[in-house]
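The values are calculated or read from the model by the stated rules, or taken from the named source; none is laboratory data. This is a predicted model, so every value here is computed, not measured. Note that we place each Cβ from the backbone using ideal geometry, even for glycine, and neighbour counts take in every protein chain shown. SASA here: full protein model, heavy atoms, side chains in, ligands and nucleic acids out. Shrake-Rupley method; radii C 1.70, N 1.55, O 1.52, S 1.80 Å.
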Amino acid sequence: MSTVVTANPAYRTPPGTLHTILLAGSVSLFLGALLSDLAYYNTYQIQWSNFASWLIAGAELFSGLALVFALVNLIRAPHKKGQVLTYFLLLLATWALGLFNAFQHAKDAWAVMPAGLVLSAIVFVLACLTAWVGLNPRVGGAP
C-alpha cells in the first residue's frame, strides 16, 4: 500500500462558517450596489442611488466584520506572510475603497455618477478577488 505525501500540507483551520458568510455576503451586497448603480445610470431614478447607498453600507458592515476575523487569523498565524497576509491586505483595500465609495454615494444623487459607478465596479471586482483568495484552500505554511 502506498501513501501520498504532500509537500504543501493544507492549513489546519480554514475560515470559519461565520467568516465565510460575512465574506460571501459582502460580495453579493457589493454586486447589488453595482447593479443598482447601473440601473440609476440607465434610468436616472433617484431611488436606485439610495438603494445602492444602503447596499454599500451593508457590504461595509459585512466586510468590516470579516476584516476583524482576518486580522485575528493574521495575528494567530505563526508566519505572517503568504496567503494569510495577502487576504488581509486585499480585504483591507476592499473595505477602504468601499468606504470611499460610500462617501461618494453620500453626495446628491445627481453628483454620484459616473464616479460612483466606476468605484462600485472596482470594489466589486476587488471583493470577488478577495473572496477567491480568502476561500481558496490554503496550502503550505502554518495556519
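Determine the pairs where a residue that is closer than 18 Å to Leu129 by Cα, located within the range 95-107, has a partner that is among the small types (Gly, Ala, Ser) and surrounded by fewer than 19 Cβ atoms within 10 Å (Cβ to Cβ) with Cβ atoms under 7 Å apart, the partner being 6 or more residues away or on another chain.
Once the first residue is closer than 18 Å to Leu129 by Cα and sits in the range 95-107, its partners that are among the small types (Gly, Ala, Ser) and surrounded by fewer than 19 Cβ atoms within 10 Å (Cβ to Cβ) give Trp95/Gly64.
Which of (1) under 28 Å from Thr17 (Cβ atoms); (2) without any contact (Cβ under 8 Å) to a residue 12 or more places away in the chain; (3) in a helix (DSSP H, G or I); (4) touching a helix residue (DSSP H, G or I) at 6+ places or on another chain (Cβ under 9 Å) does Leu91 not meet, given it meets every other one?
It is condition (2) that Leu91 fails.
Looking at the range 123-131, can you tell me whether even one residue there is in contact with a Gly (Cβ under 6 Å, 6 or more places away or on another chain) and under 18 Å from Ala24 (Cβ atoms)?
Here is the first cut: in the range 123-131, the residues in contact with a Gly (Cβ under 6 Å, 6 or more places away or on another chain) are 123.
Subset that is under 18 Å from Ala24 (Cβ atoms): 123.
The answer is yes; a qualifying residue exists.
Any chance you could count how many residues in the range 39-73 are among the aliphatic types (A, V, I, L, M) and open to solvent by less than 70 Å² (accessible area, probe 1.4 Å)? Give the steps one after another, and end with the answer.
Residues of the range 39-73 among the aliphatic types (A, V, I, L, M): 39, 46, 52, 55-57, 59, 61, 65-68, 70-72.
Still in the list and also open to solvent by less than 70 Å² (accessible area, probe 1.4 Å): 39, 52, 55-57, 59, 66-67, 70, 72.
Qualifying residue count for the region: 10.
Would you mention how many residues in the range 108-138 are in contact (Cβ under 8 Å) with a residue 12 or more places away in the chain, under 15 Å from the mean Cα position of the chain (by Cα) and within 13 Å of Ala33 (Cα to Cα)?
So the answer is 7.
Give the residue, chosen from Ser63, Ser49, that is in contact (Cβ under 8 Å) with a residue 24 or more places away in the chain, of a type in the set (S, T, N, Q), closer than 22 Å to Leu23 by Cα and assigned to a helix (DSSP H, G or I).
Details: Ser49 fails: closer than 22 Å to Leu23 by Cα.
Checking each option against the conditions leaves just Ser63.
Is it fair to say Leu85 is assigned to a helix (DSSP H, G or I), open to solvent by 20 Å² or more (accessible area, probe 1.4 Å) and in contact (Cβ under 8 Å) with a residue 12 or more places away in the chain?
Working: assigned to a helix (DSSP H, G or I): yes; open to solvent by 20 Å² or more (accessible area, probe 1.4 Å): yes; in contact (Cβ under 8 Å) with a residue 12 or more places away in the chain: no.
The answer is no for Leu85.
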